[in-house]
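Here the structure is laid out as structure tokens; the discussion comes afterwards.
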Amino acid sequence: MPRSPTVVRTLPALRRALDRMSAKKATIALVPTMGALHDGHVSLVRLAKRRATKVIVSIFVNPTQFAPTEDYSSYPRTWKADVARLAAEDVDLIWNPDVKTMYPDGFASAILTDGPAKVGLEDRIRPHFFGGVTTVVGKLFTQCRPDFAIFGEKDFQQLRVVARMARDLDLGVKVIGSPTLRELDGLAMSSRNIYLSPKERRAAPQLYSAMKESAKRLRAGDDLAAAMAGGSELVARAGFRLDYFEVRHADTLAPITSVKDGPMRILVAAQIGTTRLIDNMAV
Ligand code: AMP
């Protein structure tokens with residue numbers, strides 16, 4: 001029977017737990033999450049377990065990455081089920097600070113990044129987002145001092161931004177990307193999928209189909225603009241309001257004009273009803 005993970009909510013308790021781990025010469029892998037865990041999160045935990053001797057999962061719904069109009073207060077919170085899932089995966093420690101611990105009164109610092117954080121994708125639609133993410137992830141890294149941190153390819157721009165930050169700031173953490181887990185019909189698993197009405201849920205896999213179609217055309221040597229326009233149209237026809245449907249350089253996320261500029265990654269963000277979904281695919 002796996003033991004329940006140790007739940008830690010204060011910085012002194014976290015330091016004591018980390019000291020115990022380093023006394024055992026443990027290597028540590030951190031999986032940052034906002035809770036409402038699904039099989040996609042569990043796949044990150046399993047990769048973490050293969051990389052390190054101890055696994056820490058952080059559960060923190062980070063207010064600074066939500067705009068006032070977004071779903072911070074209604075973001076799904078499923079604490080008991082999350083702990084049970086992590087216990088079943090034999091996770092060692094859950095780091096679950098409250099907002100005051102993460103952002104003490106008078107908090108006045110931020111990590112700001114350029115490069116992949118300023119390429120006109122998520123940053124164009126959600127200008128507040130990466131400042132919140134980098135600051136909280138930077139804090140999670142200095143708090144938990146992991147050797148490895150596992151991030152999902154599902155949030156592809158975020159993965160590139162966090163990896164860049166860790167290298168630029170010498171945080172001593174190797175950032176590892178993990179493939180996107182999907183439902184059987186292709187919809188990328190997401191904590192926000194529960195917001196979808198039955199009709200929207202039936203339309204949602206079209207994001208995946210549209211990317212597959214465009215990727216196929218790009219691989220076949222089709223004109224880049226035409227292949228992307230075709231995919232955008234499929235997404236719009238499925239009832240989505242498109243934020244972007246683009247092919248970018250897979251490492252830098254810079255725009256490309258020809259398939260010869262590759263490696264390529266298709267990235268999409270679109271809203272259906274009140275739910276915003278993002279996804280991406282290698283070409
Ligand atoms: P979140 O709790 O949504 O902030 O996500 C925490 C981590 O899980 C991030 O690194 C996400 O990219 C990753 N993640 C979310 N959905 C999936 C998925 N379907 N497959 C793999 N990783 C995912």
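Read-outs: derived from the displayed coordinates by stated rules, not from any lab. The shown structure was predicted, so the numbers you read here are calculated from the model rather than taken from an experiment. Here the Cβ positions follow ideal geometry from the backbone for every residue, glycine too, while neighbour counts run over all protein chains shown.
Observations on the model:
- Ratio of the Cα radius of gyration of the chain to 2.2 N^0.38 Å, where N counts its residues: 1.03
- Label-point separation, residue 98 to residue 75 (7 Å along Cα→Cβ), nm: 1.7 nm
- The distance between label points at residue 147 and residue 84 comes to 3.3 nm (points 7 Å beyond Cα on the Cα→Cβ vector).
- Phi-derived couplings, Karplus 6.51 cos²θ - 1.76 cosθ + 1.60 at θ = phi - 60°, listed residue by residue for region 5-10: x, 5, 9, 10, 10, 10 Hz, with x used for Gly and Pro.
- Angle between the chain longest axis and helix 79-88 axis [Cα atoms, degrees, rounded to 10]: 80 degrees
- Percent of Cα pairs in region 135-190 per distance bin of 5 Å, from zero to the largest separation: 4, 19, 27, 21, 12, 8, 6, 2, 0.
- Ignoring aspartates and glutamates fewer than eight residues from residue 212 along the same chain, the ones with Cα atoms less than 17 angstrom from its Cα are 153, 183, 185, 222, 223, 233, 246, 279.
- A straight chain from residue 233 to residue 219 at 0.36 nm per residue would run longer than the Cα-Cα distance by 3.1 nm.
- Simple rule: put +1 on each Lys or Arg Cβ and -1 on each Asp or Glu Cβ in region 191-236, find the dipole, and look at 236, 209, 225; the Cα lying farthest toward the positive end is 209.
- FRET efficiency, residue 3 to residue 212 (Cβ-Cβ, R0 45 Å, nearest 0.05): 0.60
- Cα convex hull volume per residue for region 1-97 (Å³): 105 Å³
- For the chain, the Cβ-based charge dipole about the Cα centre amounts to some 820 debye (Lys, Arg positive; Asp, Glu negative; other atoms uncharged).
- Pairs from 24/118; 139/260; 24/174; 54/216; 80/100 whose Cα-Cα separation, in the structure shown, is over 30 Å: 24/118; 139/260; 54/216
- Degrees, to the nearest 10: 206-219 long Cα axis against longest axis of the chain: 70 degrees
- Segment residue 53-residue 109, length gained on full extension (0.36 nm per residue, minus Cα span): 16.9 nm
- Angle between the chain longest axis and helix 129-144 axis [Cα atoms, degrees, rounded to 10]: 30 degrees
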